[in-house]
Amino acid sequence: MILQLAVTRDEEGKDGFINVPAGKLLFLEYDMSKKWVLAHTMEDCYYVAGTLTYLVTALKANGYEFEKVDRNIVVHIPKIKRLDRLNTFAYFEYEIHKSSKRITLSRKYFDKLLSREYVQDPNMVII
């Protein structure tokens, strides 16, 4: 069974809920200005109710590998395809384009990510 996350496309929920497979999530971020958790996939960005802590705990309980990489960002570790040491960026594609999604990791979490066994993809690019 594939876990689905109930999300909305707009802050007010006017378009109703849609289900996004949890496996498609790249990262979750807390947007302090909007006071919402944003769920990012390769194609889109959605609004989701709850706290980052709650969502990560529930996703981990279902076997998904999410880790905190900044104060307001948790990332789905297997989705990282490229790491940039200089800028502490993580990308979700091997080849970078103008439209490529990326996140900025704190130096502390970037180093932690590299030092642990999270980097399991033998094709991951680390520059």
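Please go through region 32-43 and give me each residue that is touching a residue at least 12 places away in the same chain (Cβ under 8 Å) and touching a strand residue (DSSP E or B) at 6+ places or on another chain (Cβ under 6 Å), ordered by number. First the steps, then the outcome.
Filtering region 32-43 down to residues touching a residue at least 12 places away in the same chain (Cβ under 8 Å) leaves 32, 34, 36-37, 39-42.
Those that are touching a residue at least 12 places away in the same chain (Cβ under 8 Å) and touching a strand residue (DSSP E or B) at 6+ places or on another chain (Cβ under 6 Å): Trp36, Val37, Ala39, His40.
For (1) more than 11 Å from the chain's Cα centre (by Cα); (2) closer than 24 Å to Arg9 by Cα; (3) not in a loop (DSSP other than H, G, I, E, B), each residue gets a yes or a no:
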residue	(1), (2), (3)
Asn19	yes, yes, yes
Leu38	no, yes, yes
Tyr46	yes, yes, yes
Tyr54	yes, yes, yes
Leu59	yes, yes, yes
Glu95	yes, no, no
Lys98	yes, yes, no
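Consider only pairs whose beta carbons are under 7 Å apart and that are at least six residues apart or on different chains; among these, list those whose first residue lies in region 45-72 and is over 23 Å from Arg107 (Cα atoms) and in contact (Cβ under 8 Å) with a residue 60 or more places away in the chain and whose second residue is in a helix (DSSP H, G or I) and not basic (Lys, Arg).
Correct list of pairs: Tyr64/Ala22.
For Asp70, all conditions in the list (1) crowded, with 17+ Cβ neighbours inside 10 Å; (2) at pLDDT 90 or above hold save one; what is the number of the exception?
Asp70 satisfies every listed condition except (2).
For every residue, the table says whether it meets (1) surrounded by fewer than 13 Cβ atoms within 10 Å (Cβ to Cβ); (2) at pLDDT 85 or above.
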{"position": "Lys81", "(1), (2)": "no, yes"}
{"position": "Arg102", "(1), (2)": "no, yes"}
{"position": "Tyr109", "(1), (2)": "no, no"}
{"position": "Asn123", "(1), (2)": "yes, no"}
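Against the conditions (1) in a strand (DSSP E or B); (2) at pLDDT below 90, where does Gly50 fall short? Just the number, please.
Answer for Gly50: the failing condition is (1).
The values are calculated or read from the model by the stated rules, or taken from the named source; none is laboratory data. Only a predicted model underlies this, so the values are computations on that prediction, with no experimental measurement involved. We place every Cβ from the backbone using ideal geometry, glycine too, and count neighbours over all the protein chains shown.
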